[in-house]
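Okay, so here's the structure we're looking at.
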Amino acid sequence: MTIELNPQQKHAAEFEDRHALVLAGAGTGKTRTIIARAAYLIGRGVSTHRLLLLTFTRRAAKEMIRRLTQMIGEADSRIMAGTFHHFCLYTMRRMPKYFGVENATVIDRDDQVQLMKLIRGHYHKSTQQLPRAAELVNLCSYARNTNQATADYLEQHTEYDPDIMEVIVKIAQDFTHRKQLNNYLDYDDILFLFAKKLHEDPVLRDRIRGFYDHILVDEMQDTNPLQWLILDGMRDPAKLFCVGDDAQSIYAFRGADFKNVHAFKERVPDSVVLRLEENYRSTQGILDLSNWLLRQSSIPYDKELQAHRRTLSKPKLIDFDNEFDEARWIAQDLIERHETGADWKDHMIITRTGWGARAVESLMVENNIPYRFIGGVSLLQAAHVKDLLCLIRAAASHLDELAWTRYLTMWPRIGDVTATRMIEAMKPEPSIDQALDVLRARLKDRTQIIEGVKGVLDYWKEPSRIIQEAAHFLKPLMMKRYDNWDLRRHDFELLGRLAGRHRSIMAFIETYTLDPVTATVVERLEQDDVVTLTTAHSAKGTESPVCYIIRVEPGVYPYVKSMGIFEQEEEERRILYVAMTRAQDELIMTRTYQRGMLYSAAGRFGLQENNYFMEDLDDDLVDIEDAGYGPDRFSDYDVIRPWNRI
């Protein structure tokens, strides 16, 4: 089996005797090129065991080996291929004494969090102010993957008080020490230890360098500083062949370093940058808009994607008064397309954040549009929604241990142990009222906790009212619990509307949060014909004939929290670029604004209008439409007031 290549792909695949960075624009065939490169080297006589192929997912590695095997045969495809973590651990296991990992146990994310909980508990005087264990694990991970001291990372990338930072640094030190005592290795340790030894031990470095002649790297733009140190320590005589797209570097929050691509030539002597610019995915109209977006940046992306297909498709930008009008239009458009023969699976809805898709998701549920949500957190899986539902479930049954544990531990000075004791004391009681009497005796002067449950029970036959009352009661707790409360609180309006369509609150919960929702999610994921609802980050690597990008408006693109920080604003530009270039045939962007006030979001956050990426759109690039939703339009969301009040 041979693989067909265009001239740019062929030039890259057969490039000789120098380090190379291949900037593969969206849809230009990067996977095809890296596979062709491996096949070319093997055909030229390079032994397969002298090749190393590094990817970011095991699935990507398996797919590349599968396709390579089809080209060159099973016997010749035994290349070392896998993720950075897999390669580093494999190498350390082969020479454990060099790395000090004899009998080391690799622990996963859950193990990290549980270990961190134990350590965090020793700082009980500061526990109420400290981040939760999961966030502490994240902070340690980010610091390590960006190769920074924890104190430096906290000072540069967080806004904790100095006293809290000092405690977090101590916790991070204890976390590292505890892992060493128990001979644990977490995912971050694997990269860190490998890179550290590689650069500290010349004998070890020379030995590892001698294993490979060529190192092929997929998704180079996603590498972090530790991964760069690994590549830098292994090159020469091995040649680097790194494939990626600087315009799709969107994972800085995970530690990915944009400079690993843009500074490649400066960092690697005798290297060359090659480009793939013929796009096989999208129409030229979609690419014209994507190219324009990059040209507005002061960063020299220096790429101009050209469509292989000659068909034209001019993107649309549709304005709505609010997110509900936007969501209704998208749902109706999907239904109309499906009724005229289009498959659900040919449509993708892309949102900047999980929060931004709440209205759309609720309309998908209401209209029975089959969908799957990828990335972010689905409405009924969001932490604050779970908090509210745990109160309702606790009121429904004093035997619901999970709900009561979550509800009780939301309150200050109640930890897991105290909550467990209270729950065990309530369980023997025959009814919720008697269980609450037992709890009241234990809580003494903290009866407000019980009042929350009683308040829910008072409106038990009114599902929407229960959501409203529970949200009002929990508001003081949630305002302290969540930094972005103003964004989260709007979800309860949607939740109330959904609940109001059910005969009882428990019917609603059973449908959307307990076993039936699990079955529904599984069914949606197993169905081939479903609409994909995804965050922009999770959309990377995917494509769809029709793409809707929602909320393309000030304060969202770029995201408000990135404003005023050049590197972050530019990553936001790349996020929008990734979203645009998922579309194959049609690109439909939507945005919301109050009538005549497109920049209300920007003004509300104190932003300048020129921060908005879509500020100076040319009419030749996109058709801008007003959806026409106005005061003469209404829907089932509107409140119909009695005539006697007019």
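The values are calculated or read from the model by the stated rules, or taken from the named source; none is laboratory data. Treat the numbers as computed from the prediction; the structure is a model and nothing was measured. So basically every Cβ, Gly included, is an ideal-geometry build from the backbone, and we count neighbours across all protein chains shown. Calculation scope for accessible area: heavy atoms of the full protein, side chains included, ligands and nucleic acids excluded. Shrake-Rupley method; radii C 1.70, N 1.55, O 1.52, S 1.80 Å.
Some points to look at:
- Listed conditions (1) open to solvent by 80 Å² or more (accessible area, probe 1.4 Å); (2) modelled with pLDDT of 90 or more; (3) acidic (Asp, Glu) are all met by Asp152, apart from (1).
- Qualifying positions in region 92-112 - modelled with pLDDT of 85 or more and either buried (at least 19 other Cβ atoms within 10 Å of the Cβ) or touching a Lys or Arg at 6+ places or on another chain (Cβ under 6 Å) (or both): Met92, Phe99, Gln112
- Restricted to strands (runs of 3 or more DSSP E) entirely inside region 261-375, those with at least 3 residues that are within 24 Å of the chain's Cα centre (by Cα) and under 23 Å from Val552 (Cα atoms) are 347-351, 371-374.
- Among the residues of region 501-542, those identified as at pLDDT 65 or above and surrounded by fewer than 16 Cβ atoms within 10 Å (Cβ to Cβ) are Arg501, Arg503, Ser504, Asp528, Asp529, Gly541, Thr542.
- When residues of region 308-328 are limited to those that are of a type outside the set (Ser, Thr, Tyr) and surrounded by fewer than 19 Cβ atoms within 10 Å (Cβ to Cβ), the one nearest to Met589 (Cα to Cα): Lys316
- Test: Leu216 is open to solvent by less than 40 Å² (accessible area, probe 1.4 Å), within 23 Å of Thr57 (Cβ to Cβ), in a helix (DSSP H, G or I) and in contact with a strand residue (DSSP E or B) (Cβ under 7 Å, 6 or more places away or on another chain): no
- Taking the conditions (1) open to solvent by 10 Å² or more (accessible area, probe 1.4 Å); (2) part of a helix (DSSP H, G or I); (3) out of contact with any Lys or Arg (no Cβ under 7 Å at 6 or more places or on another chain); (4) modelled with pLDDT under 95 in turn, Gln173 satisfies each one other than (4).
- Pro412 touching a residue at least 40 places away in the same chain (Cβ under 8 Å) and either of a type in the set (Ser, Thr, Tyr) or open to solvent by 40 Å² or more (accessible area, probe 1.4 Å) (or both): yes
- Filtered residue count, region 268-303, keeping only those that are in contact with a Lys or Arg (Cβ under 9 Å, 6 or more places away or on another chain), open to solvent by 70 Å² or more (accessible area, probe 1.4 Å) and among the charged types (D, E, K, R): 3
- Looking across region 543-589, the residues that are in contact with a strand residue (DSSP E or B) (Cβ under 6 Å, 6 or more places away or on another chain) and assigned to a loop (DSSP other than H, G, I, E, B) come down to Glu543, Ile550, Val552, Glu553, Arg582.
This table checks each residue for (1) in a helix (DSSP H, G or I); (2) in contact (Cβ under 8 Å) with a residue 40 or more places away in the chain.
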site: Ala38; (1), (2): yes, yes
site: Gly45; (1), (2): no, no
site: His49; (1), (2): yes, no
site: Glu63; (1), (2): yes, no
site: Leu89; (1), (2): yes, yes
site: Lys97; (1), (2): yes, no
site: Val101; (1), (2): no, yes
